[in-house]
1. Could you give me the ³J(HN,Hα) list for the stretch 87-96, computed from phi with Karplus coefficients 6.51, -1.76, 1.60 and θ = phi - 60°, whole Hz, x at Gly and Pro?
2. Given 0.36 nm per residue, what is the gain on full extension from residue 31 to residue 79 after removing their alpha carbon distance, in nm?
3. For the stretch 12-99, which GluC sites (Glu not before Pro) are in a loop by DSSP, counting at most 14 other Cβ atoms within 10 Å?
4. Give the cross-link partners of residue 57 among the aspartates and glutamates, using a straight C-alpha distance below 12 Å as the criterion and excluding same-chain residues fewer than 8 apart.
5. What lysines sit close enough to residue 93 to cross-link, taking a C-alpha to C-alpha distance under 24 Å and skipping anything fewer than 8 places away on the same chain?
6. Hey, which lysines would be in cross-link range of residue 38, C-alpha to C-alpha under 23 Å, not counting anything within fewer than 8 residues on its own chain?
7. Using the 2.2 N^0.38 Å rule of thumb for compact globular proteins, work out how the chain stacks up: its C-alpha Rg over that value, please.
8. How far, in nm, would the chain grow between residue 91 and residue 55 when pulled straight, counting 0.36 nm per residue and subtracting the alpha carbon separation?
Amino acid sequence: MQYFLFFSDHNSSWVAFLFDAQISRSGELSAVCGKKLKSFGINGISRTSKRVDFELKQCRDIVATPDSIIIDKVDRVLNLVCCIFKKMGKTAKTLDEVP
């Protein structure tokens, strides 16, 4: 729910959710996500892919992922979890910051 509120509040022009097709029930999750996009009035798509990592690495737009391998390969990345935490008045720490 917080993801959709974030994108809705920031008037995102277009959002794509990609789910790994090899993961059980990813198609169902993608369908639910697509309905949420519509209900929040967010332009975008939700779909499964057999090559999610490859597609994200090729993306020239902003990529939101916690996957460090993909983060290292893309030019523009968004730490969506930190953005949502900040909105909720919470902070997220990196491993370097944890005592």
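1. Result, ordered by residue: 4, 8, x, 10, 10, 10, 10, 8, 4, 5 Hz.
2. Here the answer is 14.9 nm.
3. Details: sites: 28, 55, 97; in loops: none.
Listed in order of number, the matching sites amount to none.
4. Filter leaves 67, 72, 75.
5. 73
6. 87
7. Taking N as the residue count of the chain, the ratio is 1.14.
8. Gain in length upon complete extension: 10.0 nm.
Values in this text are rule-based calculations from the coordinates and carry no lab data. Just so we're clear, the structure is a prediction, and the values are computed from it rather than from any experiment. Don't worry about glycine lacking a Cβ; one is built from the backbone with ideal geometry, like all the others, and counts go over all protein chains shown.
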